[in-house]
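Everything on this sheet refers to the single structure shown next.
The values are calculated or read from the model by the stated rules, or taken from the named source; none is laboratory data. Everything numeric in this text was worked out from a predicted model, so none of it was measured. Every residue, glycine as well, gets a Cβ built from its backbone with ideal geometry; the counts of neighbours run over all protein chains shown.
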Amino acid sequence: MILSIKPWVRLRKKNRAPQRSPQRSYVRALDWYLAVNMFGMAVVILSIMLVVALLSQSLKLINFMTDYGAPMTAIIPLFVALAPYWLELVLPFAFAFAVMSVYHQMEASSELTVMRASGISHVRLALPVVALGGLFVLLGYGLSLYISPLSQGWFRDIQHDLKKQAAFVPIREGRFTDIGRNVIIYVPRRDTTGPISSLFIHDNRDAQNPVTILARRGQLVRHDDGLRLSLVAGSHQTLSRKRHMLSVLDFDEYDMLLYERGEQVRSRHKPNEKFLSELFSAEDNAMWVEGHRRLIKPFLPVVFGLIVAALMLTARYARRQPIRPMVMACGALLMMKLLEIALFHASGNYAPWMIGLTYLLLLVAVALSWAHLANPRRAERLGAMLTDYAHRGLTAVRKHSGALRVGSSS
């Protein structure tokens, strides 16, 4: 009986599926635990920052709608059109603050201490940051390359439509008021209940034949074809740039069409409204820099997340100074953002070749953060060496500039 059972037992053991090691299952559960906490915290922080950013623009939008007599319900599509731009702007900071908050809570509750004691390295603890940061990078590229240009154009289209449908045009006394479509109006004084007196109008809708109109009185009138400005007793001056001639016509009554009903929406001409192919095909340096900004900015969540992870995981936690690693991480993020802004500004105004330094800055930040996670002591020595070289370079530049100033003054 025993001999007949043994082959069946051996066969069952051979067909049994291999079991996963407890260590691997534990590490995968830990990855999911970190990723879920970071994602939830990132969504909360991102929502708060997005609401604050939109509320910061609410006063400007309310003033715009009040000036043009638009209904207050029009603020909703304006907020929706602005949301992708601000979402793209606050996305790296929201993810970095989420990583910072999760690691700080786990360090305060001694969870990270237990994980380190179980043999999990800093690099392994930072892998969920890289994976989740990759998802935010994809979201950032979707916003930067497609959604944000569309929303910016839609925002300006909504403003354009509200101006066309306005009950009146906001003409402020004592100021040159740009009412849109390259038309500028100036009045020294205005009575809100009566006609406008002493008008100065510059119409540059036809760039080859700009028009300047001076009138004693004027009145905004809405017709079936659009919004018109009825002028009384003035002069109409037209400058022909091709012929280099100025023609002057005095009039008793003149109707000027400001906005035409059913007018076609203007074409995209600002850099933030153009797509990537349009930016790189243009010969303007500002367009070229904007194209590289679209490629660099979505990668910031991974860079900021690794910087925060490197500083939070390797810092020595002290109960008396629990926020010290967070302060260091915030300072590193601020310095990184200021360097990025400075390089974009320099490449757009002074030296276009400096856009390559922006790519190099991101690569160096990622490399140093990963090296700091793998070997904190070696990374500290490397950071001190790079800081010393940077200090020596700045000192040499200052001495050289001082010598040039002395030579030029003598």
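Please work out which one of (1) more than 19 Å from the chain's Cα centre (by Cα); (2) modelled with pLDDT of 85 or more is the condition Met354 fails and give its number.
Here Met354 meets the rest and fails (2).
With the requirement that a residue be more than 20 Å from Ala374 (Cβ to Cβ) and small (Gly, Ala, Ser), what does the range 90-142 give you?
The answer is Ala94, Ala96, Ala98, Ser101, Ala108, Ser109, Ser110, Gly140, Gly142.
Any residue in the range 87-95 that is of a type in the set (Asp, Glu) and more than 23 Å from Leu150 (Cβ to Cβ)? I'd like the intermediate steps shown before the answer.
Residues of the range 87-95 of a type in the set (Asp, Glu): 88.
Add one more test, that the residue is more than 23 Å from Leu150 (Cβ to Cβ), and what stays is none.
Within the range 87-95 (the criterion being of a type in the set (Asp, Glu) and more than 23 Å from Leu150 (Cβ to Cβ)), the answer is no, since none of the residues qualifies.
Residue by residue through the range 274-293, note down the ones that are closer than 16 Å to Ser151 by Cα and surrounded by fewer than 19 Cβ atoms within 10 Å (Cβ to Cβ).
Of the range 274-293, the ones closer than 16 Å to Ser151 by Cα are 274-276.
Residues satisfying the conditions are Phe275, Leu276.
Would you point out which residue out of Ile185, Ile179 is surrounded by 15 or more Cβ atoms within 10 Å (Cβ to Cβ), modelled with pLDDT under 75 and outside any helix (DSSP H, G or I)?
Details: Ile185 fails: modelled with pLDDT under 75.
It is Ile179.
In this structure, is Ser347 in contact with a Phe, Trp or Tyr (Cβ under 8 Å, 6 or more places away or on another chain), on the phi < 0 side of the Ramachandran plot and either modelled with pLDDT under 85 or surrounded by fewer than 19 Cβ atoms within 10 Å (Cβ to Cβ) (or both)? Talk me through it step by step, then tell me what you get.
Numbers: in contact with a Phe, Trp or Tyr (Cβ under 8 Å, 6 or more places away or on another chain): yes; on the phi < 0 side of the Ramachandran plot: yes; either modelled with pLDDT under 85 or surrounded by fewer than 19 Cβ atoms within 10 Å (Cβ to Cβ) (or both): yes.
When the stated conditions are applied, Ser347 passes them.
Which residue out of Pro84, Pro128 is touching a Ser or Thr at 6+ places or on another chain (Cβ under 6 Å), touching a residue at least 24 places away in the same chain (Cβ under 8 Å) and closer than 23 Å to Leu300 by Cα? Write out each step before concluding.
Numbers: Pro128 fails: touching a Ser or Thr at 6+ places or on another chain (Cβ under 6 Å).
Of Pro84, Pro128, the one residue that is touching a Ser or Thr at 6+ places or on another chain (Cβ under 6 Å), touching a residue at least 24 places away in the same chain (Cβ under 8 Å) and closer than 23 Å to Leu300 by Cα is Pro84.
Looking at Asp206, Asp157, Asp161, can you tell me which residue is at pLDDT 75 or above, more than 29 Å from Ile75 (Cα to Cα) and either outside any strand (DSSP E or B) or not aliphatic (A, V, I, L, M) (or both)? Break it down into steps so the answer makes sense when it comes.
Details: Asp157 fails: more than 29 Å from Ile75 (Cα to Cα); Asp161 fails: more than 29 Å from Ile75 (Cα to Cα).
The unique qualifying residue is Asp206.
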